[in-house]
Amino acid sequence: MSDTYVLVSPCRNESTFMRKTLDSVIAQTIPPTHWVIVDDGSTDETPEILREYADKHDWITVVTRADRGRRAVGPGVIDAFYSGLETVDLSEFDFLCKLDLDLDLPPRYFEILLRRMANNPRLGTCSGKPYIYKGDQLVSERKGDDMSVGMTKFYRTACFQEIGGFVREVMWDGIDCHRCRMHGWAAVSWDEPAIRFVHLRPMGTSQKGVMTGRMRHGYGQYFMGTGFFYMAASCIFRLGEKPYVTGALATLWGWLRSAIKNLPRYDDPEFRKFVRAYHRRVLVAGKQKAIEEIHAAKGIPQLDLS
């Protein structure tokens, strides 16, 4: 089993959370071969903390970008990611991971992902599941099984290169997984104790609040090519998540507003056709059946969970 993997971590003003991430990566049973951390213009203690860890571990390097004056999401995060990736020769690594610095990973996290990659040569990207603390309770963020999650996308390098990497737009972390399936690769996340991790900053709260994040998600779904009926069904499914009702409505409004304005969509008609066909099948047969049918059609072996 190959264990050569590189982490690329864009970050900005993460001093509150980053030590947990740094320590949990250092404690991995199979640590990364190399770790590039991109300081995207931090104004807090992030640079000092990064310097402290880089001085202790020669496999950690820091790339510093100028302060843009605000935290960036979507395309801004991916721009920072590529600033780090450009310093790496991917031919030296069999796997890479875009890893956020607000996570607490279990110690065997990468060991298990590497083993599953080795067991299935068509597994392109995978992850565990994020959990957040609500009081003293850990609660799932309820991410779909058909996606590797955006805060820790572990990729086979060959797959990442074949799909063209990440799109520099909102919904980059959904488009990539659909492109994997288009090209005959599996994309998956598993909800198992050994690879569950703690997301220290809940999704949608990193910039202007949850409601803005939900509307941004609605726009991202529109940009990706998601149709109205699937979007409405998805919002109904999310009605029970806080903020109750209003969060789902904000997501739907983000999609509707984008459609009313006739905003541009992802400029790949074949991709949008693939996504809509998949979504229609999910509505009729369920997500698991829809994925199984794609895997069968593309010749992707059944995923080995050992």
Any idea how many residues of the range 252-269 are assigned to a helix (DSSP H, G or I), surrounded by fewer than 16 Cβ atoms within 10 Å (Cβ to Cβ) and touching a residue at least 40 places away in the same chain (Cβ under 8 Å)?
1
Return a yes/no flag: does the range 242-251 have any residue that is outside any loop (DSSP other than H, G, I, E, B), in contact with a His (Cβ under 7 Å, 6 or more places away or on another chain), farther than 19 Å from Val167 by Cβ and not assigned by TED's automatic domain parsing to the domain that holds Phe154.
yes
Any residue that is farther than 26 Å from Ser140 by Cα, more than 23 Å from the chain's Cα centre (by Cα) and of a type in the set (Phe, Trp, Tyr) - is there at least one of those in the range 221-239?
yes
Given the structure, is Val245 among the hydrophobic types (A, V, I, L, M, F, W, C), modelled with pLDDT under 85 and out of contact with any strand residue (DSSP E or B) (no Cβ under 9 Å at 6 or more places or on another chain)?
no
Mind listing whichever residues of the range 172-205 are modelled with pLDDT under 95 and in contact with a His (Cβ under 8 Å, 6 or more places away or on another chain)?
Gly204
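Would you confirm, using the coordinates I've provided, whether Glu52 is assigned to a helix (DSSP H, G or I), without any contact (Cβ under 8 Å) to a residue 24 or more places away in the chain and under 21 Å from Arg201 (Cβ atoms)?
Details: assigned to a helix (DSSP H, G or I): yes; without any contact (Cβ under 8 Å) to a residue 24 or more places away in the chain: yes; under 21 Å from Arg201 (Cβ atoms): no.
Spelling it out, it is not the case that Glu52 is assigned to a helix (DSSP H, G or I), without any contact (Cβ under 8 Å) to a residue 24 or more places away in the chain and under 21 Å from Arg201 (Cβ atoms).
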Do any residues in the range 12-27 that are touching a residue at least 12 places away in the same chain (Cβ under 8 Å) have Cβ atoms under 7 Å from those of residues that are of a type in the set (Val, Ile, Thr) and assigned to a loop (DSSP other than H, G, I, E, B), where the two are at least six apart or on different chains, and which pairs are they?
Asn13/Thr43
For the structure I just gave you, tell me whether Phe274 is in contact (Cβ under 8 Å) with a residue 12 or more places away in the chain, loosely packed, with under 14 Cβ neighbours inside 10 Å and either out of contact with any Leu (no Cβ under 9 Å at 6 or more places or on another chain) or not polar (S, T, N, Q) (or both).
no
Taking the range 172-190 and keeping residues under 17 Å from Pro269 (Cα atoms), touching a residue at least 60 places away in the same chain (Cβ under 8 Å) and not aromatic (Phe, Trp, Tyr) leaves Ile175, His178, Arg179, Arg181, Met182
Subset of the range 217-238, residues in contact with a His (Cβ under 7 Å, 6 or more places away or on another chain) and modelled with pLDDT under 95, comes to none
Residue under question is Arg108, and the condition is that it be touching a strand residue (DSSP E or B) at 6+ places or on another chain (Cβ under 9 Å), over 27 Å from Tyr219 (Cα atoms) and not hydrophobic (A, V, I, L, M, F, W, C); does it hold?
no
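The values are calculated or read from the model by the stated rules, or taken from the named source; none is laboratory data. These numbers come from a predicted model, not from an experiment. FYI the Cβ positions are ideal-geometry reconstructions off the backbone, even for glycines, and counts take in every protein chain you see.
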